[in-house]
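Student: Here it is, the structure in full.
Values in this text are rule-based calculations from the coordinates and carry no lab data. All of these numbers come straight from a predicted model, not from anything done at the bench. So basically every Cβ, Gly included, is an ideal-geometry build from the backbone, and we count neighbours across all protein chains shown.
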Amino acid sequence: MAYKIAAAIDIGSSAVRMEISEKRKSEVKCLEFLQSPLYLGHDTFTQKKISFEKIERLCAILNSYILTANNYGVEHVETVATTAFREAENKEYVLDLVKLKTGINIRILEDPEEKTIIYREMLRRDEGSWKNAVISYVGTGSLGIAIMEKGLIRFTQNIRIGSLKLSEILEPVEGYTKKFHMIIEQYISTYIDVLKNLLTLDRKTNFVASGKEIDLIASLMDVEIVNNFFSIPKKAYQAFYDSIKTLTPMQIMDMFDLPQERAEILLPSAALFKILMDFSKSEVLIGCNIKMCDALVYKELYPNKFDKVNSQFEKSIINSAIFTARRFKYDRQHIAAVFDYSTVLFDSIREIHGLSEREKLLLQLACILHDCGKFVNLKEHYEHSYDLIRRLSLPGLNTRELHIIANVSKYHSELTPMPEHENYASLAAEDRVLVAKLSAIIRLGDALDKSHLQKFREIDALYNNNELIITTKAGGEATLEEWAFSQKSEFFNEVFGIKAKLVIERTI
Amino acid sequence: MDFTKPSYYTNRELSWLDFNSRVLGEALDESVPLLERTKFISIVSSNLDEFFMVRIAGLKEQMHAGFTRPDPSGLTPSQQLKSASVRIHEMVSSQYRCFNRALLPALHDKGITFTSYEKLTERQTEYINDYFDDIIFPVLTPMAIDAGRPFPFIANKTVNIAFRLQKETNEHYAIVRIPSVIPRIIRVPAGLNDESYLFIEDIITQNASRLFHGYEIVSSTGFRVTRDADLSIDEDDAVDLLSEIEQQVRQRQWGLPVRLELERGQDIKTRTFLTSTLGLQQDDIYLIDGYIDMSCLLDFSAMPSGFQDLTYPENPPAVSAEVSSKSMFDLMKEKDYLVHHPYQSFEAVMKFLDEAADDPDVLAIKQALYRVSGNSPVVQALIRAAQNGKQVTVLVELKARFDEENNISWARMLEHAGCHVVYGKVGLKIHSKILLVIRREKSGIKRYIHMGTGNYNDKTARLYTDFGFFTSRESFAVDLSSLFNTLTGYTIIPEMKKLIIAPDGLRTFFKKAIKNEIKNAQNGNPARIVAKMNSLSDPGIIRLLYEASCAGVEIHLIIRGICCLKPGIKNVSSNIKVKSIVGRYLEHSRIFCFENGGTTMIYLGSADMMTRNLDRRVEALFPIEDEKIKERIIDILDILWHETDKSRWLKSDGRYTRPGKTGSEAHIQLHDFSQNR
């Protein structure tokens, strides 16, 4: 067939949405976009659970969506859920119930995953015009900020104050003060101020805002949207903000003819964008009209193009890992050496380990972050590395992947994986194998720069006859490396069933 | 300028009664074929029945609830009831006068005679008595009334005979219901060239002694009770709308009585007895000079055979060469296509549905049905489509008044066939006439659309003037898909690209469009509104039209039924002209045409300018963008505006006057105009 149709459902905190789109040559043609209000966030953020009524309603909505998708012959509908689901204590039961009643498997996106999907889609659409930017995405349940430098993301931060959440949290205060907006601003600033210490931004930095709240603000301000983008000058935004900041939700409802739910979250989200714009120092807000479903559907319709976009995005993941390592005062040359050596080793025994590109990325990230624990204490630094990495938030990685990186980092030096290690035992069986394999590689990579002196400029690795021969050149002695290599190759041998040999050619 | 003065408005009920008088006018019109005039007599009756069951019942409810707020014309519910009763009394006497003095003799002259039992020949009497014994008697149930047997329940709209009986010195009443399973009018075998008919109640009365052995029959009086029959469904609590409506339909016959029709006779005693027992006021009593319930004449008018000259000449609807020569998909891919029923055949719609049901590339069909005919080919096509594995979604409006029972039965059929049937929206009647077909084609998904001003009903498509519009424009498809999603699921309606949807956007659209004309008029640009609809009653819209008139907007309205606006009032509506057309076909199409500073906007659709259409129904208007079709509609409006024979002009005092006939009957012109389009 010359064309393809895909559908995706996004279960958000205030609505369920579905997009059905068709691939027409190089453009995506949206056939249908459905949106049904459903305030799951209200349940989760106040009761910590999704109520039975909402589950019933959700199932009814999903069943009607499936019917619509079937109208176009679409059988499989990728279905994702975000904050409201993620934070519900009863999410497991809900998933099961929904599966029973609708046949749909909901994939709950972790916060960074959700943001990644959005950032990646934004960067795809922007096609590289933002070099330096503060990118923000306000969902109803959470706020995501990404700082981009020279075309790559170097820092991301997710904060659990989305528009709806903010209004839920601050609701009790609202009645007490006329300066409610100041409370909101101060509350948000406590989060943003931390970032100021980490980053220095200048006027050349773009400020990009996305999420349906900024879309709403744009439509209230009568801003024209061209190809999913729009821009609002800072002065105009400030004027708009000033015109609504002292209004009550009721007054906002009347003024803009909005339903109550939307009116309630307008002020908190407007405040959020104001603070972020001030933080970015930019004179213009660039709005990006983007929906989760757009990104999901694109991936289905254009798998090849998506892979390209994704591999570009992986550069950003590495970039932000480096930025993180820098915050922990990393040894740049050592990290680079371990990164390069491990990469060569990984590539040389592809047929032995059978791992994917994504897993190679995990290895590389572990190479970058493996020593960050030294920032805490040199003694048992690998334990601290493990603890720190687990708590990091890197764009594009989910908890599982982060946990794998943490494990690999833990096993890069002294320890090897043991069933009695809780961190290791808690992994899924296939992940334990993965950790063992990646650890085996990083251990050799690390051994090759044991002295942190980068004695080898580069290495070659050739797998042949059950032997991995690593050849390299050294100007001087490399005894420490040779000793470390022989120590670490034992585990390598155990994991892969092959011998690793180090051959050093003396150049002098 | 204050446009809210009561004197600027006509009461909605009285305006409707005016409309029914215009229908009666067709019965009185000697240029109308005789059997058709008889049919109009019956339509006047069935119209009135509905009016009593819904409107009069509603006014009475308001009155009982102590509701005294006047309507825009300044009348309180009780004043409205009073005036309506006076009007209806006049109308009914005029209706029977027409039937008795004009139609009966004229029919007799043509060889069609309503006879009476006494006038039957011996052979005829024998035949009729046999008919009574074999057919009527077994289904009769006389109900006696005495101390031990209270007054029986008289079901809504049934014709009954009250007998006053005497045994020795005691007086009794007994009631016999005329069975509705037997035709009301019975053909009596007569000579070759004669058609002779008898009302069933004559036969029963004459044979009544067989029902009441041992009693002397003092008198017999035919009567009929009309009851409040508006469904009141608590949709919020209704778990299953389908069964809830089924139950309500059964309960309809239990509503409070709102009218008593009595044969005018000598027996004051029986009249007093019935009136007091039913608890009705003097105003609610209608003494009938003849047989009660003339709606039975509708069936009768089809009975005599061989009287072609007494009916309208056959006017077979046209099928264009384009429709018969190519597939509807190809036709719609090429261009937008408009059919004007009944001048053009409903076949185009059926062909589209049939092709969709059988085409292997069609994935899905979605349709909203309001009223369909019995054994409807539309329903058949949908069932076949479902059997062919298509995804068929049907929106059934169960609340279509007085069609509920009918709708429930075929809704069940559709469900059994595997269609996905959705029963309307809580609080909103789905009145829009919409059909969407999703087809997989080489270049991708293509969606085909039909939207109309009338129901998907092949039978009424021969009697009602309506438009059907076919298109495959993408922007329409996107809007219509969203509308269907909202109606069948739980989605919100996104911003529409082309369609205007009630209840969300219709009122706003009318406001904007009228204000736009006002602005143009004020700036000295051409400003004009030409609209055709069934009813105009929404006070908000009327005020806007007055405003527009004062600003100099020229406004031409063709309104078949209710019109609460008064045209031609100095400084209020001097630029507004209103006419009504009532004739062979029921004018049903809705056209809204705005000058828009020179680039005329034309919208067709399902909505009238009534508050219920704007606020409580799901209606769809759609723009006509094809220039040729636009021109055609403007021409049609022009023909209707200049037709004289079936037109009545509304005057500033709220009365309708007929212009002199010039032989320009619109439907004849339009029939010619619609050939090969």
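Student: Would you kindly state how much longer the chain becomes between residue A:281 and residue A:236 on full extension, computed as 0.36 nm times their sequence separation minus their alpha carbon distance, in nm to one decimal? Numbers along the way, then the final one.
Tutor: Values: separation 45, 0.36 × 45 = 16.20 nm, distance 1.51 nm.
Length gained, residue A:281 through residue A:236: 14.7 nm.
Student: Suppose R0 equals 41 Å; then what is the FRET efficiency for residue B:361 and residue B:406 from their Cβ-Cβ distance, rounded to the nearest 0.05?
Tutor: For residue B:361 and residue B:406, the calculated efficiency is 0.80.
Student: Of A:115/A:274; A:308/A:437; A:48/B:366; B:515/B:651, which sit over 30 Å apart, Cα to Cα?
Tutor: Check vs 30 Å cut-off fails for A:48/B:366.
Student: With +1 on the Cβ of every Lys and Arg and -1 on the Cβ of every Asp and Glu, and nothing else charged, how large is the dipole of the protein assembly as shown about its Cα centre, in debye rounded to the nearest 20?
Tutor: Here the size comes out at about 2540 debye.
Student: Be a star and scan region A:113-154 for residues whose amide nitrogen sits under 13 Å from the point 7 Å along the Cα-to-Cβ vector of residue A:198.
Tutor: Answer for this model: A:135, A:144-148, A:154.
Student: Cα atoms only: what Rg and Dmax, in Å, come out for region A:112-290?
Tutor: 15.4, 47
Student: A further question on this structure: For a quick check: sort A:240, B:346 by the number of other beta carbons within 10 angstrom, fewest at the front.
Tutor: Taking fewest neighbouring Cβ atoms as first place, the list is A:240, B:346.
Student: Mind checking which lysines have their Cα closer than 21 Å to the Cα of residue A:54? Skip sequence neighbours fewer than 8 apart in that chain.
Tutor: Within the straight-line cut-off, residue A:54 pairs with A:91, A:99, A:101, A:165, B:425.
Student: Moving on. Please average, across the residues of B:439-447, the number of beta carbons from any other chain that are within 10 Å of each residue's own beta carbon, and give a whole number. Spell out each step's value before the answer.
Tutor: On the way: counts 0, 5, 2, 3, 5, 11, 12, 0, 4.
So the per-residue partner count for this stretch is 5.
Student: Moving on to the next point. Which of B:343, B:131 has the fewest other C-beta atoms within 10 Å, and how do the rest follow up to the most? Kindly include the intermediate steps, with their values, before the conclusion.
Tutor: On the way: B:343 22, B:131 17.
The most exposed by this proxy come first: B:131, B:343.
Student: Would you mind ranking B:269, B:630 so that the residue whose beta carbon has the fewest other beta carbons within 10 Å leads the list?
Tutor: B:269, B:630
Student: For the charge dipole of region B:1-64, defined by +1 on Lys and Arg C-beta atoms and -1 on Asp and Glu C-beta atoms about the Cα centroid, which residue among B:19, B:43, B:31 has the Cα displaced farthest towards the positive pole?
Tutor: B:19
Student: If you find the alpha carbon centre of region B:587-665 and of region B:1-64, how far apart are they in angstrom?
Tutor: Region B:587-665 and region B:1-64 have Cα centres spaced 20 Å from each other.
Student: On to the next question. Which value, in nm² and rounded to one decimal, describes the direction-averaged projected area of the C-alpha convex hull of region B:321-498?
Tutor: Projected over every direction and averaged, the Cα hull of region B:321-498 covers 10.1 nm².
Student: Here is a follow-up. Could you please state, rounded to a whole Å, how far the C-alpha centre of region A:4-48 is from the C-alpha centre of region B:497-552?
Tutor: 37
Student: Oh, and also: Could you work out how far apart the two model spin labels at residue B:282 and residue A:131 are, taking each label as a point 7 Å from the Cα in the direction of the beta carbon, and quote it in nm?
Tutor: Simple spin-label model gives 9.8 nm for this pair.
Student: Let me ask another. How much mean residue ellipticity at 222 nm does chain A get from its helices, if each DSSP H run of length 4 or more adds -39500 (n - 2.57) and you divide by all residues, to the nearest 500 deg cm²/dmol?
Tutor: Here the helix-only value at 222 nm equals -17000 deg cm²/dmol.
Student: Roughly how big is region A:328-506's charge dipole about its Cα centre, with Cβ charges of +1 (Lys, Arg) and -1 (Asp, Glu), in debye to the nearest 20?
Tutor: Working: 22 positive and 27 negative charges, 65 e Å.
That gives region A:328-506 a dipole magnitude of about 320 debye.
Student: For the charge dipole of the protein assembly as shown, defined by +1 on Lys and Arg C-beta atoms and -1 on Asp and Glu C-beta atoms about the Cα centroid, which residue among A:98, B:550, A:427 has the Cα displaced farthest towards the positive pole?
Tutor: The residue sitting farthest along the positive end of the dipole is B:550.
Student: Taking the Cα atoms only, what angle lies between the long axis of helix A:163-174 and the longest principal axis of chain A, rounded to 10 degrees?
Tutor: Once rounded, one gets 60 degrees.
Student: Something else: Please work out the Cα center distance from region A:242-309 to region B:317-359, rounded to the nearest Å.
Tutor: Their Cα centres are 46 Å away from one another.
Student: Report, ordered by chain and residue number, the lysines lying within cross-link reach of residue B:60, taken as a straight Cα distance under 19 Å and ignoring same-chain residues fewer than 8 apart.
Tutor: Qualifying lysines at Cα under 19 Å: B:82, B:157.
Student: Return the loop-located GluC sites (Glu not before Pro) in region A:377-425 (DSSP other than H, G, I, E, B) with at most 13 other Cβ atoms within 10 Å of their own Cβ; answer none if there are none.
Tutor: A:414, A:420
Student: Just how many % of Cα pairs in region B:584-677 lie over 19 Å apart, if you round to the nearest whole percent?
Tutor: Value for region B:584-677: 55 percent of Cα pairs lie more than 19 Å apart.
Student: With a/c under 1.5 counting as rounded, go ahead and sort region B:552-635 into rounded, prolate or oblate using the C-alpha gyration tensor (a ≥ b ≥ c being the square roots of the eigenvalues; past the cut-off, prolate if a/b is larger than b/c, else oblate).
Tutor: rounded
Student: Follow-up. Using only the alpha-carbon atoms, how far is helix A:260-280 inclined from the longest principal axis of chain A? Give it as 0 to 90 degrees, nearest 10.
Tutor: It is inclined by approximately 50 degrees.
Student: With no solvent and one equal point scatterer placed on each C-alpha of the protein assembly as shown, evaluate the Debye formula and give log10 I(q)/I(0) for q = 0.06, 0.07 Å⁻¹, two decimals.
Tutor: Result of the Debye calculation: -0.67, -0.83.
Student: Would you mind estimating how fast region B:431-582 diffuses translationally, via Stokes-Einstein at 37 °C and 0.692 mPa s with the Kirkwood radius over Cα pairs, in µm²/s? Let's see the in-between values first.
Tutor: Working: Rh = 17.9 Å.
The Stokes-Einstein estimate is 184 µm²/s.
Student: Give the Rg/Rh ratio for chain B, taking Rg as the radius of gyration of the Cα atoms and Rh as the Kirkwood radius, to two decimals.
Tutor: With Rg and the Kirkwood Rh in hand, the quotient comes to 0.98.
Student: Just checking the output field for A:60-71: average partner chain Cβ neighbours within 10 Å of each residue's Cβ? Could you put the intermediate results ahead of the total?
Tutor: Numbers: counts 2, 3, 2, 2, 8, 4, 0, 8, 10, 1, 4, 16.
Counting Cβ atoms of other protein chains within 10 Å of each residue's Cβ and averaging gives 5.
Student: Compute the acute angle (0 to 90°) between the alpha-carbon long axis of helix B:474-488 and the principal axis of greatest extent of the alpha-carbon atoms of chain B; round to the nearest 10°.
Tutor: With both axes taken from Cα atoms, the answer is about 40 degrees.
Student: Something else: What shape does region B:501-673 take by its C-alpha gyration tensor, where a ≥ b ≥ c are the square roots of the eigenvalues and a/c under 1.5 counts as rounded, a/b above b/c as prolate, and the rest as oblate? Write down the numbers at each step before the final one.
Tutor: Values: a/c = 1.34, a/b = 1.19, b/c = 1.12.
Note, shape of region B:501-673 comes out rounded.
Student: Sticking with this one: Within region A:41-56, which residues have the backbone N less than 15 Å from the label spot 7 Å out from residue A:100 along Cα→beta-carbon, could you tell me?
Tutor: A:52-53, A:55-56
Student: Would you calculate a helix-derived [θ] at 222 nm for chain B, using -39,500 (n - 2.57) for each DSSP H run of n ≥ 4 and dividing by the full residue count, to the nearest 500? Each step should come with its number before you reach the end.
Tutor: Values: 21 runs with 234 residues, N = 677.
Only helices count here, giving -10500 deg cm²/dmol.
Student: For the residue pair residue B:67 and residue B:29, what label-to-label distance in nm results when each label sits 7 Å from Cα along the Cα-to-beta-carbon direction?
Tutor: Here the answer is 3.5 nm between the modelled labels.
Student: Restricting things to alpha carbons, tell me how big region B:164-209 is in terms of Rg and Dmax, in Å.
Tutor: Rg and Dmax of region B:164-209, Cα atoms, are 15.3, 50 Å.
Student: Using only Cα positions of region A:328-506, each an equal point scatterer, no hydration layer, compute I(q)/I(0) via Debye at q = 0.10, 0.12, 0.13 Å⁻¹ and quote the log10 values to two decimals.
Tutor: Here the Debye-derived log intensity ratios amount to -0.35, -0.50, -0.59.
Student: Rg to Rh for chain A: what is it, with Cα atoms only and Rh by Kirkwood?
Tutor: Expressed as Rg/Rh, it is 1.02.
Student: Averaged over A:30-37, how many beta carbons belonging to a partner chain fall within 10 Å of each residue's beta carbon?
Tutor: 6
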